[in-house]
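The values are calculated or read from the model by the stated rules, or taken from the named source; none is laboratory data. Keep in mind it's a predicted model, so treat the numbers as computed, not measured. So basically every Cβ, Gly included, is an ideal-geometry build from the backbone, and we count neighbours across all protein chains shown. Accessible surface is based on the protein model in full, side chains and every heavy atom, while ligands, DNA and RNA are left aside. Shrake-Rupley method; radii C 1.70, N 1.55, O 1.52, S 1.80 Å.
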Amino acid sequence: MTPEQLLTYEPPPDLLAERVILVTGAGAGLGRALSLACARLGASVILLDKEIRALESVYDEIEQAGGRQPGIYPLNLEGATAKDYEDLAGNVQEQMGHLDGLVHNAGWIGGLTPLKLYDVELWSRVITVNLHAPFLLTRAVLPLLESAPDPAVVFSAHACSRAYWGAFGVAKAGQEAMLKILSAEYSGERFLRVNAVDTGPLRTRMRTQHYPGENPHNNPAPEEVTAPYLYFLGPDAGRTSGEIVRLEGKVRA
């Protein structure tokens, strides 16, 4: 499907029924919009973020809308260890019984800085959140996904190999490489659908923090770009894997 077709994709109301979907960065912005959308389509959503109050707010929104009771999993990706992710996988198995989808949406830019001036400690922290964490989380939950009848992983991509994007740009490029590798490794009889959506600029707090002079209403709201994610998470995507869909300029603000 083309980006334009994906943006106008209309999922059936039971697209994600009986599925368990884990969304990182679920407390605000795109993560919140995706969590609410998945819940509307029947999924039991595991909300992961470091901000407990934000998670509780999304939890309440899902329950008030009549969705399945979500799970809350507070975790700071910057400080989480490999054991923390293994514990997470164990808790998902114990509490939910299975896992059908994973959305790598959490991200932290850190700052827009020339490489010459980039703080070494900040570099390590940004790489940890945006590259090490997605790897460690994916690795921990792969046994659960392997057991699912139609498993899916979706990354929030971001093409930002431009000046001043530093560690965030490097990490996002690494995510795209990870996506391709994972997709290739699970392209046979044991299949895992792995794709990414690059939404381009959105009307979010993160965008406003780094572009304070920009009119936020020139960018689309997160709710306007959830359809491609839902498509890749559900059975309608079939064996489509290894795709990175770029939406910038395809959706009207």
- If you go through region 51-109 one residue at a time, how many are under 16 Å from the mean Cα position of the chain (by Cα) and on the phi > 0 side of the Ramachandran plot? 0
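Looking at ALA163, ALA157, can you tell me which residue is of a type outside the set (Val, Ile, Thr) and either closer than 25 Å to GLN5 by Cβ or within 20 Å of the chain's Cα centre (by Cα) (or both)?
Checking each option against the conditions leaves just ALA157.
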- Task: Kindly indicate whether any position in region 108-115 is in a loop (DSSP other than H, G, I, E, B), under 15 Å from GLY31 (Cα atoms) and in contact (Cβ under 8 Å) with a residue 60 or more places away in the chain.
- Result: yes
- Message: Take the residues in region 222-245 that are crowded, with 17+ Cβ neighbours inside 10 Å and not in a helix (DSSP H, G or I); name whichever of them is nearest to the chain's Cα centre (by Cα).
- Response: THR226
- For region 140-162, pairs from a residue that is polar (S, T, N, Q) to a residue that is surrounded by 15 or more Cβ atoms within 10 Å (Cβ to Cβ) and in a helix (DSSP H, G or I), with Cβ under 7 Å and 6 or more apart or across chains, are SER156/LEU30; SER161/GLY169; SER161/ALA173
- Query: Does ILE46 meet the test of being among the β-branched types (Val, Ile, Thr) and either open to solvent by 20 Å² or more (accessible area, probe 1.4 Å) or without any contact (Cβ under 8 Å) to a residue 40 or more places away in the chain (or both)?
  - Reply: no
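Taking into account only those residues within region 74-88 that are open to solvent by 10 Å² or more (accessible area, probe 1.4 Å) and not in a loop (DSSP other than H, G, I, E, B), which is farthest from LEU142 (Cα to Cα)? Steps first, answer last, please.
So in region 74-88, the residues open to solvent by 10 Å² or more (accessible area, probe 1.4 Å) come out as 74-84, 86-87.
Now narrow it down to the ones that are not in a loop (DSSP other than H, G, I, E, B): 74, 82-84, 86-87.
On the way: PRO74: 20, ALA82: 14, LYS83: 15, ASP84: 15, GLU86: 11, ASP87: 13 Å.
My answer is PRO74.
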- Message: Please go through region 103-128 and give me each residue that is under 12 Å from LEU77 (Cα atoms) and either open to solvent by 70 Å² or more (accessible area, probe 1.4 Å) or among the β-branched types (Val, Ile, Thr) (or both), ordered by number.
- Response: TRP108, ARG125, VAL126, ILE127, THR128
